[in-house]
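First up is the structure itself, then whatever we jot down about it.
Just so it is clear, none of the values below were taken in a lab; they were calculated from the coordinates. Predicted model, so just to flag it, every value in this text is computed and none were measured. Neighbour counts run over all protein chains shown; Cβ positions are idealised from the backbone, glycine included.
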Amino acid sequence: MRISVIGCGYLGAVHAACMAKLGHEVVGIDVDERKVNELSAARAPFYEPGLEDLLREVQESGRLSFTTEVSAAAGSTVHFICVGTPQKKGENGADMTYVDAAVSALIPHLLPGDVVVGKSTVPVGTATRLAALIRESEPEAHLLWNPEFLREGHAVSDTLHPDRFVYGVADGSEDHKAVELLDDVYAASLASGTPRVVTDLPTSELVKTAANSFLATKISFINAMAEVCEAAGADVSLLADAVGMDDRIGRKFLNAGIGFGGGCLPKDIRAFMARAGELGADQALTFLREVDAINMRRRTRVVELTRDLCGGSLMGQKITVLGAAFKPESDDVRDSPALSIAAQLQLQGAVVTVTDPKALENASRRFPELHYETLTDLALRGADALLLLTEWNEYCRLDPYESATLVSALRILDGRNVLDPSKWRAAGWTYRGLGRP
Ligand code: NAD
C-alpha cells in the first residue's frame, strides 16, 4: 500500500520506517528540512535504539523516502498524521496549530477513498472537527483516529508489535471501508494476534489520554508513598515490591524517584484537564492536578536533599548530574526532571556538570548555562556530590570503589532508587535514595 506519514519526529519517523518494513511504500513528510535531510541519508535525527539500522535496511529496499513537500502525499491511500501537540505557552491546553496546519495542507491532495489516520495525541473532539473539515473538500475521503502508545527507547518494537490497536471511526462501526484499509496496513500484526478495538472518534481520543493519566497517577501514587515513607522512616522500594505482588495492582510503574517527564505525560495530563474544563467536566479530573503537583514536588525535594547531603549549603558545591534525558535509551530532554533539577541546583549556587550518553546535544540547546561533559570519568572528577537522575545502565553499574577514586567527597543521591545502598555504604559513601531510610 502507498502511505504518507506527516510529521517525522519521535513518533512519525519510527512509524514511517516501520510501515516500510511491513512492505508498504512510504513517504515521510516534515516541515523541518534538517530532519528530512538526515532521514533521507538514513540517519536518525534523534536517538532511538534500532531506528538507524531499520532506516538503512528499508531505504535500500527503495520503499521509504522523505521530503518537505506535502504534495508528495498525493497518490498515497493512507495518510498518517504524526505531528506534535505540545503544551501551549502559558496555558495547560494542547497547541493544535501543527495538527491543523498538517491536515489543511494535506486536504488539497486527497482523493476519493483516501483515509486520513490521526496518530497524534489530541484533545477529545479534535477528530470530529477534522473529519468535518475533510468532508467539506473531499466527501469521499475518511478520517480514522488511531492513537499511538509507543514508548521512546522501545519505539521500533512497540510499533512493529503493539499490544493493541485502537481505531476511532465516525460511526463507531467496524463495518467501514476505512477500517478495512487500516487492517490491510497492519495486516502482519493483526495476523499475529494483536487485539484491535474499534470505537467512536471521541472514545479513541480518550483511550490515549486516559491511559497516560493512569500511568502518571501510578507514578505519583508511589511518589506520594515515598514522601510518607521518608517521614515515617520506611522503605518505599520494599513497599512497592510488596504492594506490586497483588496482581490487581502490579509492580510496573511503581518505582519511586524523581517523577515523570518527557514530551507526553506532563503535557497530556494538563491538556486533558484543560479539555475537561471546556466540556464542563473539570471536577472529574481535579485529581490530576494533585498528580502533577506531587510530580513537580519531587524535583524540589531532590534539590533539598542535595543541599542536606552537601552539609546545608549548595553554594560553590561541585555537583555531577548523571543523566539528562527524561528516561534511559532516549535523547529526549523535553520536560526532563533530571535537567530541571540540574538547572535549579545551578540557580542555587552549585557548580553543576551534567553527563549523559546520548542527550547532551539536546540538553545544551535547552540549558546552555549548564556545564556538560561527555565522559563519565571526567564528569565525576572532583565532584562534591553525585546525583543519579536518569537510570542509564552504565550509571546503574557504576562501581562505588572506582568512583570513589575520582570524586572529592563520597556522597551520592540515587534519584531513581536503582543502586544497592548497602554496596555504596560499604565503600564509604553517604547514600541517599528517595523514600528510603
Ligand atoms: P516531535 O516534536 O518529535 O515531532 C513532531 C514533528 O512534526 C516534528 O518533526 C515537526 O517538524 C513536524 N511538523 C510540525 N508541523 C508539521 C506540518 N505542518 N507538516 C509536517 N510536519 C510537521 O513529536 P513526537 O514526540 O513525535 O509526538 C508527535 C505526536 O505523537 C504528539 O501528539 C505526541 O503526544 C504523540 N505521541 C508521542 C509519543 C512519543 O513517545 N514521542 C508516543 C505516543 C504519542
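First measure r as the distance between the Cβ atoms of Arg425 and Arg397, then evaluate 1/(1 + (r/R0)^6) with R0 = 22 Å and state the FRET efficiency to the nearest 0.05.
Numbers: r = 18 Å, r/R0 = 0.80.
Calculated transfer efficiency: 0.80.
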Checklist entry - Tell me, how many Å apart are the Cα centres for the range 153-181 and for the range 241-319? => result 30 Å
Checklist entry - What list of ³J(HN,Hα) couplings, whole Hz, do you get for the range 158-163 from phi and the Karplus terms 6.51, -1.76, 1.60, once you set θ to phi - 60° and write x for glycine and proline? => result 5, 6, 6, 9, x, 7
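What 222 nm value per residue comes from the helices of the chain, counting each DSSP H run with n ≥ 4 as -39,500 (n - 2.57) and dividing by all residues, nearest 500 deg cm²/dmol?
Numbers: 18 runs with 187 residues, N = 437.
Value at 222 nm, helices only, nearest 500: -12500 deg cm²/dmol.
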Next on the checklist: Whole angstrom only: what separates the Cα centroid of the range 193-222 from the Cα centroid of the range 1-25?
Outcome noted: 23 Å
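In debye, nearest 20: dipole of the chain around its Cα centre with unit charges on the Cβ of K, R (+) and D, E (-)? Before the final figure, lay out the partial values.
Details: 44 positive and 59 negative charges, 256 e Å.
Using Cβ point charges on Lys, Arg, Asp and Glu, the chain gives about 1240 debye.
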Checklist entry - Normalised by the number of residues in the chain, what is the relative contact order in percent for Cα pairs under 8 Å and 6+ residues apart? => result 12 percent
Next on the checklist: Just to confirm a number: summing +1 for Lys and Arg and -1 for Asp and Glu over residues other than Asp377 whose beta-carbon lies under 13 angstrom from that of Asp377, what do you get?
Outcome noted: -3
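Determine the gain in length on full extension of the stretch Gln348-Ala284; use 0.36 nm per residue of separation and subtract their C-alpha separation, reporting nm with one decimal. Display every interim value, and only then the final one.
Numbers: separation 64, 0.36 × 64 = 23.04 nm, distance 3.78 nm.
Additional length available on full extension: 19.3 nm.
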Checklist entry - Which one of Tyr167, Ile3, Ile81 is farthest out on the positive end of the charge dipole of the range 2-194, using unit charges on Cβ (Lys, Arg +1; Asp, Glu -1) and the Cα centre as origin? => result Ile81
Item to check | Ala210 paired with Arg43, simple spin-label distance in nm, labels 7 Å along Cα-to-beta-carbon | outcome: 4.4 nm
Checklist entry - If the cut-off is a Cα-Cα distance under 13 Å, which aspartates and glutamates reach Lys218, setting aside same-chain residues fewer than 8 apart in sequence? => result Glu290, Asp292
Checklist outcome for this item: If every Lys and Arg gets +1 and every Asp and Glu gets -1 at its Cβ, then about the Cα centre the range 235-437 yields a dipole, in debye to the nearest 20, of 340 debye
Next on the checklist: Which lysines, if any, have their Cα less than 21 Å from the Cα of Lys119, not counting same-chain residues under 8 positions apart?
Outcome noted: Lys21, Lys35, Lys88, Lys177, Lys208, Lys267
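So for the range 241-292, averaging the separation of alpha carbon pairs under 8 Å that are six or more residues apart and normalising by length, what relative contact order in percent results? Each step should come with its number before you reach the end.
Working: 25 pairs, mean separation 11.2, N = 52.
This gives 22 percent for the range 241-292.
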Checklist entry - So if we plug the beta-carbon distance of Leu238 and Arg34 into 1/(1 + (r/R0)^6) with R0 = 60 Å, what FRET efficiency do we get, rounded to 0.05? => result 0.80
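Using Cα-Cα distances under 8 Å and only pairs 6 or more residues apart, what relative contact order does the range 2-194 have, in percent?
Details: 348 pairs, mean separation 38.9, N = 193.
About 20 percent, as a whole number.
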Checklist outcome for this item: Per the Kirkwood formula over distinct C-alpha pairs, the hydrodynamic radius of the chain in angstrom is 23.2 Å
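With +1 on each Lys and Arg Cβ and -1 on each Asp and Glu Cβ, how big is the dipole of the range 1-146 about its Cα centre, in debye rounded to the nearest 20? Before the final figure, lay out each step's value.
Working: 12 positive and 18 negative charges, 42 e Å.
Roughly 200 debye for the range 1-146.
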Item to check | Charge dipole of the range 235-437 about the Cα centre (unit charges at C-beta), most positive-ward option of Ile341, Thr353, Tyr395 | outcome: Ile341
Item to check | Phi-based couplings in Hz for the range 63-76 (Karplus 6.51, -1.76, 1.60; Gly and Pro marked x) | outcome: 8, 10, 9, 9, 7, 9, 8, 5, 4, 5, 6, 4, x, 7
Checklist entry - Which whole-angstrom value gives the distance between the alpha carbon centres of the range 103-118 and the range 58-101? => result 12 Å
